[in-house]
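Some notes on the structure that comes next.
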Amino acid sequence: MKLKNMVNALLLSAALLIAVPTVWGGEPAKGAFLAGMHKKNKVACADCHGKSLTVDDNETALNKNCKGCHGGFKDLAAQTKGHINPHASHLGDTNCTACHKGHVASKAYCNYCHSFAMKIPAMGSEKESSDKKWVQETAREKKEAKSARTESADVVVIGAGGSGYVASISAHDAGAKVILLEKMPISGGNSMLAAGGINAARTRYQERLGMHDDPAEMVKETMKGGREKNDPELVKVLAYNSADAVDFLVSLGADMTDLVRSGGVAVDRTHRPVGGAAVGPHLIKVYRDNAAKRNLDVRVNSEVVQILSDGQGRVTGVQVRGKHSGLYTMKAKAVIDTAGGFAANNELVGFYKPQFKETASSNQPGATGEGVALAEKIGAKVIDMEQIQIHPTMGGETKVLISETVRGSGAILVNHAGKRFVNELTTRDKASAAILAQPEKSAFLVLGEEIRKSNVQIDGYIVLGLVQEADSVAALAAKMGVPADALAATVDAYNKAFAAKKDPEFQRQDLPRAINGPKYYSIWVKPGRHHTMGGVKINTEAQVIGKDGKPMTGFYAAGEVTGGVHGWNRLGGNAITDTVVFGRIAGNNAARFVKEAK
Ligand code: MEZ
């Protein structure tokens, strides 16, 4: 098998296919059961799977072999010309097998989340290998044969998004043996898609810039944004631990030096990497690196199908379905549920809010709410499930979120008549309602050169084909299909408000930049599902509360799987704070509980 000779052709091919691990008894004929180029080139099983032909749920050896033949992410990224470069995307250095298949056609993982104006091509033929059925049946037999397996850990964490990583790192550093389980083929959850930043009050970065902020104000604004329906004790914990959360992230290696304003807030409280880069991909890389440094046991393709309890409110572990290893039991002294929300689950959203069914969701495909259902099944109290946040600005007909920080950087919202109609930095519920009240149920973000330069994410939207640009306001109006006179008057009035530092029309408090050329830009936006505020009830110690109102023993939760922190409307930037503050509390308390139980 001349694999080395294949490498260059494979790297340059859009139909790159890599064999997916499957366990079988003997070595079939070379190329049998494969799809695409590996089939054509008669790759042998052992070339990908190694001599033992076995595979773990992380597909570790297999991915090592992929990289051995084809090169690592950096090599592959360097060979890609053009704007779309999946090997240098925000997914980071993940398993090759998340996208590339050998036994069936590959599918770019990007396509699960994104539907860009500019399409990402499917990789390889959409037609699946005729051998798929055989492969699935063989895998199922193997899984069933292994179902009696039992492992154990001190702390099991369900869901490797931001909260899951923070809880795992914290529990590990507090001395516990931790296993972090993720049902999707890559870690990161919704946190990896987080565009904005982390809200924190009275941080060293604010003070360095001479800004005065106060956790008490953060409490007030979070409660007001949540329509006073939040659990006030949880909000206090969120706000008073927020500056410490930023320090924790910096101690892990994160950059949180840039500040921007989010809706419903009177100061620049949203911290993000320099230049306005998206916070989520940055943090997930930092978390992955820290997990690797600690040798943390992180397992992808590992879905928790049941949380085990003794029937008296004490959790005893979980049952896991590994993609390759099948069903097994993981005994644990403590379980932390960080499985995320359900804004990607059309059926569940439709059940709680029929009017939001079929609206676009900004969420990753794994945000389907099993973490809430699993907890409820063993007696957890669940609250506020019908509180589903609609984000005002998703890119037109796509699933791409246009970050609130674009408005925070100075962009205005304009309707199809070319006029402003709302304070752009009001809370999300109000901004979304104002857009949906327009006859077209959509609007435009309008901005100038200085605003574009201040927020690197806008360049990303340009690459994705979501931005119209023109040399004058009149030319931009023509592209948007709005009256030129009206748009010119709107931009003029806004620039006067900027100069006077007063917005008499909409009382927008923060007017950071004027809308000036040489280029002018617009982005067509529509509201879409973004965050589910409801979920498992917790107390200030991140303990899950049972239906009897008492904390359940050894059971903790953090992040979007929980309800109560954000009330009926979350403020932009508070989700990452939630993941870090309550992830740390859950991890530390679970580790302490384990120690005391020993
Ligand atoms: O917290 C968020 O959801 C957020 C800031 C999103 C965004 O618009 O960037």
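The values are calculated or read from the model by the stated rules, or taken from the named source; none is laboratory data. The model shown is predicted, which means the values in this text are computed figures rather than measured ones. Glycine also receives a Cβ, built like all others from the backbone with ideal geometry; neighbour counts cover every protein chain displayed. Only protein heavy atoms, including side chains, enter the accessible area calculation; ligands, DNA and RNA are left aside. Shrake-Rupley method; radii C 1.70, N 1.55, O 1.52, S 1.80 Å.
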Those residues of the range 177-215 which are more than 30 Å from residue 153 (Cα to Cα), open to solvent by 20 Å² or more (accessible area, probe 1.4 Å) and touching a Phe, Trp or Tyr at 6+ places or on another chain (Cβ under 9 Å) amount to 211
Do we find that residue 542 is buried (at least 23 other Cβ atoms within 10 Å of the Cβ) and farther than 16 Å from residue 407 by Cα in this structure? yes
Across the range 173-188, the tally of residues that are under 21 Å from residue 60 (Cβ atoms) and small (Gly, Ala, Ser) stands at 2
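Residues are listed down the side, and each one gets a yes or a no for (1) within 21 Å of residue 287 (Cβ to Cβ); (2) open to solvent by less than 30 Å² (accessible area, probe 1.4 Å):
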position: 300; (1), (2): yes, yes
position: 305; (1), (2): no, no
position: 311; (1), (2): no, no
position: 316; (1), (2): no, no
position: 323; (1), (2): no, no
position: 326; (1), (2): no, yes
position: 334; (1), (2): yes, yes
position: 337; (1), (2): yes, yes
If we keep only residues of the range 309-351 that are at positive phi and in contact (Cβ under 8 Å) with a residue 12 or more places away in the chain, then the residue farthest from the chain's Cα centre (by Cα) is 313
* residue 412 being within 24 Å of residue 277 (Cα to Cα) and out of contact with any Pro (no Cβ under 6 Å at 6 or more places or on another chain) -> yes
- For residue 254, indicate whether it is more than 20 Å from the chain's Cα centre (by Cα), away from the ligand (no atom under 14 Å from the Cβ), touching a residue at least 24 places away in the same chain (Cβ under 8 Å) and buried (at least 20 other Cβ atoms within 10 Å of the Cβ). no
Residue pairs within 7 Å by beta carbon, gap of at least six or interchain, first lying in the range 85-114 and in a helix (DSSP H, G or I), second of a type in the set (Phe, Trp, Tyr) and buried (at least 20 other Cβ atoms within 10 Å of the Cβ), listed first then second, are 98/109
For the range 395-407, pairs from a residue that is closer than 21 Å to residue 421 by Cα to a residue that is open to solvent by 10 Å² or more (accessible area, probe 1.4 Å) and basic (Lys, Arg), with Cβ under 7 Å and 6 or more apart or across chains, are 396/526
Has the range 17-39 got any residue that is under 27 Å from the mean Cα position of the chain (by Cα) and modelled with pLDDT of 80 or more? no
When residue 265 is run through (1) farther than 19 Å from residue 586 by Cβ; (2) away from the ligand (no atom under 16 Å from the Cβ); (3) touching a residue at least 24 places away in the same chain (Cβ under 8 Å); (4) not hydroxyl-bearing (Ser, Thr, Tyr), the failure sits at (2)
Checked pairs for the range 183-211, first closer than 21 Å to residue 96 by Cα, second of a type in the set (Asp, Glu) and more than 16 Å from the ligand (Cβ to nearest atom), C-beta under 7 Å and 6 or more apart or across chains, list as 183/303
Selection over the range 83-112 where residues are out of contact with any helix residue (DSSP H, G or I) (no Cβ under 6 Å at 6 or more places or on another chain) and under 19 Å from residue 287 (Cβ atoms) yields a count of 4
- request: With the condition kept exactly as written, say whether any residue in the range 474-486 is surrounded by 18 or more Cβ atoms within 10 Å (Cβ to Cβ) and closer than 30 Å to residue 370 by Cβ.
  value: no
Here, helices (runs of 4 or more DSSP H) confined to the range 351-454 with at least 3 residues that are of a type in the set (A, V, I, L, M, F, W, C), touching a strand residue (DSSP E or B) at 6+ places or on another chain (Cβ under 7 Å) and over 22 Å from residue 521 (Cα atoms) are 370-377
Residue set 117, 88, 61; condition among the aliphatic types (A, V, I, L, M), at pLDDT 80 or above and closer than 30 Å to residue 398 by Cα; output residue 88
Considering the range 395-409, residues that are more than 7 Å from the ligand (Cβ to nearest atom), within 16 Å of residue 364 (Cβ to Cβ) and under 15 Å from the mean Cα position of the chain (by Cα), and then whichever is most open to solvent (accessible area, probe 1.4 Å), we arrive at 399
Taking residue 363, is it within 30 Å of residue 403 (Cβ to Cβ) and of a type in the set (S, T, N, Q)? yes
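Yes or no, residue by residue, for (1) open to solvent by less than 40 Å² (accessible area, probe 1.4 Å); (2) of a type in the set (D, E, K, R); (3) closer than 24 Å to residue 364 by Cβ:
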position	(1), (2), (3)
56	no, yes, yes
62	yes, no, yes
70	yes, no, no
97	yes, no, yes
Selection from the range 214-235 of residues over 19 Å from residue 535 (Cα atoms) and not small (Gly, Ala, Ser) yields 214, 215, 217, 218, 219, 220, 221, 224
Would you call residue 424 buried (at least 24 other Cβ atoms within 10 Å of the Cβ), among the acidic types (Asp, Glu), over 21 Å from the mean Cα position of the chain (by Cα) and within 24 Å of residue 197 (Cβ to Cβ)? yes
Of (1) surrounded by fewer than 22 Cβ atoms within 10 Å (Cβ to Cβ); (2) over 26 Å from residue 431 (Cα atoms), residue 249 satisfies every one except (1)
Restricting the range 431-447 to residues that are farther than 20 Å from residue 196 by Cα and not aliphatic (A, V, I, L, M), the one farthest from the chain's Cα centre (by Cα) turns out to be 439
